[in-house]
Amino acid sequence: MAGNIMVVEDEPAVARGVQVALEREGYSVVVMPTGEDALTNLRDAAPDLIVLDVRLPGIDGFEVCRRLRRESRAPVIFLTARADEVDKVVGLEIGADDYLVKPFSVRELVSRVKALLRRAYGELADTETGRTLRRGDLVIDLERRRVTREGERITLTTTEFDLLRHMAAKPGRVYTRNQLLELVRDYDALDQDERTINVHISHIRDKIEPDPAQPRYIRTVRGVGYAFAED
């Protein structure tokens with residue numbers, strides 16, 4: 001699908017390179033040089049995906065992501081100048097879906113953009129599980145990508161939703177962290193760090209579990225990975 005993409009980047013050369021590469025793929029691209037500009041124009045731009053630099057003048061990318069998550073569930077790809085684990089974990093915890101370390105290949109960025117858009121807005125009907133998964137008080141609407149617990153809406157990022165629906169579709173099946181990475185990354189990632197799964201699972205638990213310290217839905221299988229609890 002073609003889509004609207006917002007690039008929030010203060011380095012003109014980087015912003016222009018990303019813009020040209022994405023426009024060649026048919027996307028409509030708007031560039032914002034600061035976080036303030038991005039937040040001010042968020043509603044008018046209505047982006048389907050946001051490419052967001054971490055190090056911005058004024059409001060940094062982390063704070064921009066925190067604020068935009070109040071209004072938008074569009075997938076977010078962070079651009080960071082450091083391969084720092086702290087940067088990575090913080091980004092994932094506040095709602096980012098992916099990240100790339102500078103300098104990066106625009107081809108890799110385009111690949112990740114396509115994958116996230118496909119996951120977020122593509123066809124979601126599943127012939128094995130139907131359009132809705134019901135697991136106890138948890139209802140996962142595959143078509144609308146909505147999750148509710150006891151009728152209350154739960155907001156998940158694109159990656160969090162995909163992890164949850166994969167596991168909930170097969171209760172009791174144990175997934176290794178590497179298997180979960182492969183399920184949510186349908187592109188050839190340059191950096192596949194299994195520790196990112198721990199961050200995503202922790203974030204999902206915070207949102208769907210009545211008591212995240214004693215998870216009811218997603219259980220840890222020590223030394224192996226995770227599994228969705230059987231009914």
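Any read-out appearing in this document is the output of simple, stated calculations on the displayed coordinates, not a laboratory observation. Note that the structure is predicted; figures quoted are calculated from it, not measured. As a convention, Cβ positions derive from the backbone with ideal geometry for all residues, glycine included, and neighbour counts pool all protein chains shown.
At a glance:
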{"quantity": "In degrees, nearest ten, helix 12-24 long axis to first principal axis of the chain (Cα)", "calculated": "60 degrees"}
{"quantity": "Cα gyration tensor, the range 4-121 - rounded (a/c under 1.5), prolate or oblate", "calculated": "rounded"}
{"quantity": "The range 132-228, relative contact order in percent, only Cα pairs under 8 angstrom and at least six apart counted", "calculated": "27 percent"}
{"quantity": "Placed amide H near K170: partners under 5 Å, 5+ positions off or other chain", "calculated": "none"}
{"quantity": "The chain: relative contact order in percent, alpha carbon pairs under 8 Å with at least 6 residues between", "calculated": "14 percent"}
{"quantity": "Close Lys-Lys pairs in the chain, where close means Cα under 22 Å and separation is 8 or more or interchain", "calculated": "5"}
{"quantity": "For the range 162-176, 3J(HN,Hα) per residue [Karplus equation, 6.51 cos²θ - 1.76 cosθ + 1.60, θ = phi - 60°, Hz, x = Gly/Pro]", "calculated": "5, 4, 5, 5, 5, 6, 5, 5, 9, x, x, 6, 8, 9, 6"}
{"quantity": "Answer label for P(r) over Cα pairs in 10 Å bins from 0, in percent (calculated), chosen among (1) 8, 33, 39, 19, 2; (2) 7, 29, 35, 22, 6, 1, 0; (3) 7, 33, 36, 19, 5, 0", "calculated": "(3)"}
{"quantity": "Residues D206 and S28, FRET efficiency given R0 of 25 Å [Cβ-Cβ distance, rounded to 0.05]", "calculated": "0.15"}
{"quantity": "Phi-based couplings in Hz for the range 61-70 (Karplus 6.51, -1.76, 1.60; Gly and Pro marked x)", "calculated": "x, 4, 5, 4, 5, 4, 6, 6, 5, 6"}
